[in-house]
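*Asks:* Structure below; questions to follow.
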Amino acid sequence: MDFLRTPEERFERITGFPWSPRYLEQLSGFEGLRMHYVDEGPKDASHTFLCLHGEPTWAYLYRKMIPVFLETGARVVVPDLFGFGRSDKPTDDREYTFGFHRRSLIRMVEALDLRSVTIVCQDWGGILGLTLPMEMPDRIARLLVMNTGLPIGEPVSPGFAFWKAYAASDPDLPVAGLVALSSPGVLTPPDLTAYGAPFPDQRYKAGVRAFPQRVPVEPGMEGADVCRAARDYLREKWDGPVRMAVGTADPVLGPPVMEALREHLRGCPEPLRVEGAGHFVQEWGEGIARWAVEEFAAAERG
């Protein structure tokens, strides 16, 4: 598999993200590709927060939530999916399949032997991450779900249809600009530098181009059956705490999509509505993280 590796100097000017990079280089089935991840807190902690990003971001998206989770004494793991962040980037758009990414996450959880996991997810991080509880129920304990979905071969929203068409029209999608557009008023110039850092030019953007086209929104698309099985599992068999936070200004995966998803998350109470927050709701993440920590603590107290 041909791939590119973003030069390390692209990340040297990033501020506000103090955590050292770590790499998995021999994931089963992905030998030769290097996956980047953040891994902070005690390795023997009683709980792990696994934070999963989506399109077109990377671990930097969770910089406002990581410190809050670490305050609890937990371990916090934040991987970059292949094609994003500091992880290697296959150059062929066709490599970026639903199964490719799902298998890589499963192998990563197993390689790091993550247990008592809270999945924290948004966008593709949720499309993939919410399929993990049925795969490894002994490892996944809690869910924090933000602006995502479980598409089962049906349209998601008019906003997503527009985004998919736009993404297909531009092979050099302006990553930093897209994140800024979806996070009105909260990003600084250093943030824009960080979001653009993984992609020196369009050769590095195969994953960025592919992801919108891979969301299973039509019958027979890869992943639709997996998402349907995951939805059924979460509705009928899930028995852990689950909380939801919704950025209300997201036109793609906003309140209507999230309310439909909540119907399939057994035990999910009314969500935290983050008024004015866009698609990348983690940019408002400190408050969400503190709310979730309190909610999960209350659930454990009964």
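The values are calculated or read from the model by the stated rules, or taken from the named source; none is laboratory data. No experiment lies behind these values; they were computed from the predicted model shown. Every residue, glycine among them, receives a Cβ derived from its backbone with ideal geometry; neighbour counts consider all protein chains shown. Areas reflect the complete protein model, heavy atoms only, side chains present, ligands, DNA and RNA absent. Shrake-Rupley method; radii C 1.70, N 1.55, O 1.52, S 1.80 Å.
*Asks:* Regarding residue 209, is this residue assigned to a helix (DSSP H, G or I), surrounded by fewer than 22 Cβ atoms within 10 Å (Cβ to Cβ) and touching a Leu at 6+ places or on another chain (Cβ under 8 Å)?
*Replies:* It is true that residue 209 is assigned to a helix (DSSP H, G or I), surrounded by fewer than 22 Cβ atoms within 10 Å (Cβ to Cβ) and touching a Leu at 6+ places or on another chain (Cβ under 8 Å).
For every residue, the table says whether it meets (1) free of Cβ contacts under 8 Å to residues at least 40 places away in the same chain; (2) among the charged types (D, E, K, R); (3) within 29 Å of residue 132 (Cα to Cα).
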{"site": "172", "(1), (2), (3)": "yes, yes, no"}
{"site": "188", "(1), (2), (3)": "yes, no, no"}
{"site": "204", "(1), (2), (3)": "no, no, yes"}
{"site": "209", "(1), (2), (3)": "no, yes, yes"}
{"site": "216", "(1), (2), (3)": "no, no, yes"}
{"site": "227", "(1), (2), (3)": "no, no, yes"}
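*Asks:* Select from the range 174-186 the residues that are in contact (Cβ under 8 Å) with a residue 24 or more places away in the chain, surrounded by fewer than 19 Cβ atoms within 10 Å (Cβ to Cβ) and over 16 Å from residue 254 (Cα atoms) and list them in ascending order.
*Replies:* 186
*Asks:* Same structure, new question: Do the conditions hold for residue 253, that is, is it more than 28 Å from residue 179 (Cα to Cα), crowded, with 22+ Cβ neighbours inside 10 Å and in contact (Cβ under 8 Å) with a residue 60 or more places away in the chain? Walk me through it before giving the result.
*Replies:* Values: more than 28 Å from residue 179 (Cα to Cα): no; crowded, with 22+ Cβ neighbours inside 10 Å: yes; in contact (Cβ under 8 Å) with a residue 60 or more places away in the chain: yes.
No: the conditions fail for residue 253.
*Asks:* Mind telling me which of the residues 265, 272 ends up being touching a helix residue (DSSP H, G or I) at 6+ places or on another chain (Cβ under 8 Å), closer than 14 Å to residue 130 by Cβ and not hydroxyl-bearing (Ser, Thr, Tyr)? Walk me through it before giving the result.
*Replies:* Numbers: 272 fails: closer than 14 Å to residue 130 by Cβ.
It is 265.
*Asks:* Those residues that are open to solvent by less than 30 Å² (accessible area, probe 1.4 Å) and among the small types (Gly, Ala, Ser), I need them from the range 235-250; list them, please.
*Replies:* 240, 245, 247
*Asks:* Go over the candidates 103, 86 one by one and state the one that is in a helix (DSSP H, G or I), modelled with pLDDT of 95 or more, open to solvent by 10 Å² or more (accessible area, probe 1.4 Å) and in contact with a Phe, Trp or Tyr (Cβ under 9 Å, 6 or more places away or on another chain).
*Replies:* 103
*Asks:* Evaluate the following for residue 261: is it outside any loop (DSSP other than H, G, I, E, B), open to solvent by less than 60 Å² (accessible area, probe 1.4 Å) and in contact with a Gly (Cβ under 8 Å, 6 or more places away or on another chain)?
*Replies:* It is true that residue 261 is outside any loop (DSSP other than H, G, I, E, B), open to solvent by less than 60 Å² (accessible area, probe 1.4 Å) and in contact with a Gly (Cβ under 8 Å, 6 or more places away or on another chain).
This table checks each residue for (1) under 18 Å from residue 235 (Cα atoms); (2) buried (at least 17 other Cβ atoms within 10 Å of the Cβ); (3) in contact with a strand residue (DSSP E or B) (Cβ under 8 Å, 6 or more places away or on another chain).
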{"residue": "107", "(1), (2), (3)": "no, yes, no"}
{"residue": "131", "(1), (2), (3)": "yes, yes, no"}
{"residue": "144", "(1), (2), (3)": "yes, yes, yes"}
{"residue": "148", "(1), (2), (3)": "yes, yes, yes"}
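*Asks:* Follow-up. What residue, of 42, 56, is at pLDDT 95 or above, part of a loop (DSSP other than H, G, I, E, B), open to solvent by less than 10 Å² (accessible area, probe 1.4 Å) and at negative phi?
*Replies:* 56
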